[in-house]
Amino acid sequence: MPPEATEVAKKVDLLYGFLVWASAISCFIVIGGMVWFAFKYRRKPGNKSAYITHNTTAEFLWSFIPFLTFMLAFGWGWYVYHFLRVAPENAFEVNVRAQKWNWTFLYKSGKSSTGDMYVPVDTPVKVIMNSTDVIHSFYVPAFRSKQDVVPGRYTTMWFNADKLGNYQIFCAEY
């Protein structure tokens, strides 16, 4: 991914890192345990397997710890999603019209630009989008923000670029 250019990007990257590490640790525990048990309890000639008793504490823990991890990930994801979707009231507004192979940006000052959007740094920007033809998807990888743009509907997203720079805008819809 490109370097983070918004506060939201930092939050998304932290959540993503947590999910990757939690998945890697879970995978290691499950596959490692499976290999260890397969080796320890493999069939041996002349040996009869021992009766294994029920362990309520172990069953509770191997169910409850993943439940807590998933709930933590869900709550953290909801927080980041909510932060992504609720724009500040004083946001600088830009109207975006999507059409095949192009984006047109209309500013409150009456000026417009095609292909390039110009916004101030360290100012919340609310993007109000519509499409003239097909479904588009406004995606800025450095901001970790993506929003589908549907014909006949207005959709919004917001960001606050905290670094001066040129950032690519993609249509992530094929």
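The values are calculated or read from the model by the stated rules, or taken from the named source; none is laboratory data. A quick note: this is a predicted structure, and the numbers were derived from the prediction, not measured. Every residue, glycine as well, gets a Cβ built from its backbone with ideal geometry; the counts of neighbours run over all protein chains shown.
Numerical summary
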item: Residue in region 136-147 that is under 24 Å from the mean Cα position of the chain (by Cα), surrounded by 13 or more Cβ atoms within 10 Å (Cβ to Cβ), in a loop (DSSP other than H, G, I, E, B) and of a type outside the set (Lys, Arg) present; result: no
item: Complete set of residues in region 1-60 that are under 24 Å from the mean Cα position of the chain (by Cα) and of a type outside the set (A, V, I, L, M, F, W, C); result: 2, 3, 4, 6, 7, 10, 11, 13, 16, 17, 23, 26
item: Region 91-105 - residue that is farther than 18 Å from residue 124 by Cβ and more than 24 Å from the chain's Cα centre (by Cα) and, of those, surrounded by the most Cβ atoms within 10 Å (Cβ to Cβ); result: 97
item: Members of region 104-128 that are over 17 Å from residue 168 (Cα atoms) and hydrophobic (A, V, I, L, M, F, W, C); result: 106, 128
item: Residue check, residue 24 modelled with pLDDT under 95 and not assigned by TED's automatic domain parsing to the domain that holds residue 125; result: no
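Listed here are the residues, each with its yes/no results for (1) exposed (fewer than 10 other Cβ atoms within 10 Å of the Cβ); (2) part of a loop (DSSP other than H, G, I, E, B); (3) free of Cβ contacts under 8 Å to residues at least 24 places away in the same chain; (4) on the phi < 0 side of the Ramachandran plot.
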{"residue": "33", "(1), (2), (3), (4)": "no, no, yes, yes"}
{"residue": "38", "(1), (2), (3), (4)": "yes, no, yes, yes"}
{"residue": "45", "(1), (2), (3), (4)": "yes, yes, yes, yes"}
{"residue": "48", "(1), (2), (3), (4)": "yes, yes, yes, yes"}
{"residue": "52", "(1), (2), (3), (4)": "yes, yes, yes, yes"}
{"residue": "57", "(1), (2), (3), (4)": "yes, no, yes, yes"}
{"residue": "74", "(1), (2), (3), (4)": "no, no, yes, yes"}
